[in-house]
Every structure is written in C-alpha cells, then in structure tokens.
Amino acid sequence: ERIDIRQSYYNETSKRVFLQNSKGLMLEKEVNSAFLGCQVVARDGKDSRSAFEYVQSNVVEDFDIEGIAKKAVDRAVSLLGAKAVPSDTYEVILENDAAASLLHAYVSMWNADNVQKGMSKLADKLGEEIASDIVTIVDDPFMRKSHKSGPFDDEGVRTTYKELVGQGTLKSFLHDLKTAKKADTESTGNAFGGNVAPTNVYVKPGDTKVADALASMKKGLLITDLQGTHAGTDAISGNFSLQAGGYLVEDGKIVKPVALITVAGNFLDMMKKVTEVCDDLKFNYMFVGAPSMKIESLVVSGD
C-alpha cells in the first residue's frame, strides 16, 4: 500500500551479422536477448524511495514477473527512513548491482588503444598484481543469454575467452588488429563498432553467500546503489567519488537504511582490498557483471 508509482519496461534485441570479403571470408552470426524490468516508488509521509529490478535473458522461463516485482517493492520499502551515517572508514560490501556499475566505469582501462595512448593506469603492468588474489576478471564472448556474445568480431577475427585479471594478476588487454600490430601481438577479437570493445566482462563469482559475508561483518555498510558513475569516476586515474545508499550493518545484521553518503577511493586500490567474493553474479544493461564483494575499507562521507 506504500507503493505510489509503478513502471515496467520490456525490450527485445536481435542482431544478425554477415561478413564476406574477396579473400574468401564468409561469416554469419545471430544473437538475441530480452530485458524485463520494473521501477517502483515507495512513500511514507514525506519520505520516498525508489527501486529498480530487472532480468536479461533469451530464455522465457527466466522472466519471473512476480519475483521481479517483489524484489523491487521489498527494496524500496526497506529504504524508507534512510539517513546518512557519520563520516568514517567502513568495511563495505558492494552489492552486485553496485559492483557491476563501478566495474563498468573502468573497463576502458583494459582497452589496448587507451593503454598505448597512455590513458590507462594499467600500462606496463602486465604480469603484475593489481587486485586481491581472489579476484579474476574475464571477457567471455561465449556467454549464453547475451546479445554481445558471438564467435567473431567486426573485423572477422575469432573471439576468445580470456582472463583480463587472473587471481589478482594482470593477464591481458583487449585488442583489435590495429592495436595488436602496434603491440606485436595477436588481436583478441575485440573490434566492435569501429573501436576496441569488450564482449561480456565480469568478475568471476566465488562461493560465499551474501548472508554469510554480512554475518561476518562487525560494523560496516552494505552498499546497494552508486549514483553518478558517469561523472564521479575517472577511468584514467582510477579515482572515484560517488553518492551511495544502502544499509548499516552491525554484528552481522542490517540495522537501518542509509542514504546521502559519499564513498571515495581508487578503483585499483579498492580491488586489492577485496576480502570476499560472493556467488551472486549479476550483469548490467551493457553486460558488465560482478557478484557482491566485501571490501576491507572504504572512506565514507556522511554526517
């Protein structure tokens, strides 16, 4: 009864690509996916909170309408009354949606064109440790249920599953034919739309349940939402300062909703502080994904 606004969204994407040239190349692929989501606004007096929930897939059975609606309603209602917490350094769990949105802002670090132009902090770091040893990030062109998957790129080069980060170590960049020639290596099959681009990039999930990660937290924050990643992140330096919301956790239990706080730090420094990787992998609209991750500490500005 506290839900004041309801909106729903549905979209289908279908793409067919045919490549042929005078050297005998003849390739064809067809991919499709659909998006189903809803947004709700809960009101209680003068306070109002919104929530958005969605599913992306090309399998009809994945679209649980009642389940999507319930998740959105429960989240919006649970955030009513949210307030800022005191400024401090907190242990943090980045929920999967928030973790995926933050990773998305920094995927360009692995773009070989940016690396060669000196626009990535990862330049000259191949083989070095850039994250916690429990973190592995991959580019997976064969993932089911994604319209970005496929066996070849726009230059007709075969795509490959690759580790960008393997157990914390920088393993690879994303190349097209031009950047590969400049680096004296082979294309990774990541030429899309006239640029170097990823297919499906994600942090590989671990075995930890989110409930268990929360239970082990003495005092910290569960961050469920990061706002302004288009403006509050710097993909060259890795720095970020973002408005956030979520919940305060004490002695392993959620005690109250939190809003109007700012989390700040450096993406690569943060990835070195990952202490647990959960099993709840989720992708954003651009098929960049992450599970929930526990971070040893993040600077939070609030009251």
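Within the stretch 143-182, the residues that satisfy the criterion of being hydrophobic (A, V, I, L, M, F, W, C) and either touching a strand residue (DSSP E or B) at 6+ places or on another chain (Cβ under 6 Å) or under 23 Å from S292 (Cα atoms) (or both) are M143, F152, L164, V165, L170, L174.
Okay, residues lined up against (1) of a type outside the set (V, I, T); (2) within 30 Å of F152 (Cα to Cα); (3) over 20 Å from the mean Cα position of the chain (by Cα):
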site	(1), (2), (3)
K23	yes, yes, yes
V60	no, yes, yes
A69	yes, no, yes
E128	yes, yes, yes
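Scanning the stretch 105-119 for residues that are closer than 15 Å to V165 by Cα and out of contact with any Gly (no Cβ under 9 Å at 6 or more places or on another chain) yields V107, S108, W110, N111, A112.
Answer yes if at least one residue in the stretch 38-52 is over 30 Å from P151 (Cβ atoms), surrounded by 14 or more Cβ atoms within 10 Å (Cβ to Cβ) and among the basic types (K, R), and no otherwise. Looking through the stretch 38-52, at least one residue is over 30 Å from P151 (Cβ atoms), surrounded by 14 or more Cβ atoms within 10 Å (Cβ to Cβ) and among the basic types (K, R).
If you filter the stretch 284-303 down to residues that are open to solvent by 10 Å² or more (accessible area, probe 1.4 Å) and farther than 20 Å from D88 by Cα, you find that the one that is modelled with the lowest pLDDT is Y285. Scanning the stretch 3-37 for residues that are more than 20 Å from D62 (Cβ to Cβ) and charged (D, E, K, R) returns D4, R6, R16, K23, E28, K29. The residues listed here are R16, R49, R6; of these, the one that is in contact with a Leu (Cβ under 6 Å, 6 or more places away or on another chain) and not in a loop (DSSP other than H, G, I, E, B) is R49.
Of all the criteria given as (1) open to solvent by less than 20 Å² (accessible area, probe 1.4 Å); (2) modelled with pLDDT of 95 or more; (3) not in a loop (DSSP other than H, G, I, E, B), the one not satisfied by S33 is (2).
Among the candidates N96, N11, which residue alone is surrounded by fewer than 15 Cβ atoms within 10 Å (Cβ to Cβ) and either β-branched (V, I, T) or under 21 Å from the mean Cα position of the chain (by Cα) (or both)? Testing whether each residue is surrounded by fewer than 15 Cβ atoms within 10 Å (Cβ to Cβ) and either β-branched (V, I, T) or under 21 Å from the mean Cα position of the chain (by Cα) (or both) leaves just N11. State the number of residues belonging to the stretch 111-143 that are within 20 Å of N200 (Cβ to Cβ) and either assigned to a loop (DSSP other than H, G, I, E, B) or open to solvent by less than 10 Å² (accessible area, probe 1.4 Å) (or both). Looking only at that region, the number is 12.
When E61 is tested against the conditions (1) open to solvent by 80 Å² or more (accessible area, probe 1.4 Å); (2) outside any helix (DSSP H, G or I), the lone failure is (2). Looking at the stretch 148-177 only, could you name the residues that are out of contact with any Leu (no Cβ under 6 Å at 6 or more places or on another chain), open to solvent by less than 40 Å² (accessible area, probe 1.4 Å) and not hydroxyl-bearing (S, T, Y)? Listed by number, the residues that qualify are G150, D153, V157, K162, L164, V165, G166, G168, F173, L174, H175, D176.
When the strands (runs of 3 or more DSSP E) confined to the stretch 194-259 are screened for residues that are more than 18 Å from A84 (Cα to Cα) and either at pLDDT 95 or above or open to solvent by 70 Å² or more (accessible area, probe 1.4 Å) (or both), those reaching at least 2 such residues are found at 201-203, 239-250.
Across the stretch 263-283, the qualifying residues are those that are under 24 Å from D74 (Cα atoms) and touching a strand residue (DSSP E or B) at 6+ places or on another chain (Cβ under 9 Å), and the one among them that is least open to solvent (accessible area, probe 1.4 Å) is C278. Among the residues here, A105 qualifies as part of a helix (DSSP H, G or I), open to solvent by less than 30 Å² (accessible area, probe 1.4 Å) and either free of Cβ contacts under 8 Å to residues at least 24 places away in the same chain or closer than 27 Å to T13 by Cα (or both).
The values are calculated or read from the model by the stated rules, or taken from the named source; none is laboratory data. Keep in mind that what you see is a predicted model, and the values were worked out from it rather than measured. So basically every Cβ, Gly included, is an ideal-geometry build from the backbone, and we count neighbours across all protein chains shown. Protein only, heavy atoms only, side chains kept; ligands, DNA and RNA dropped before computing areas. Shrake-Rupley method; radii C 1.70, N 1.55, O 1.52, S 1.80 Å.
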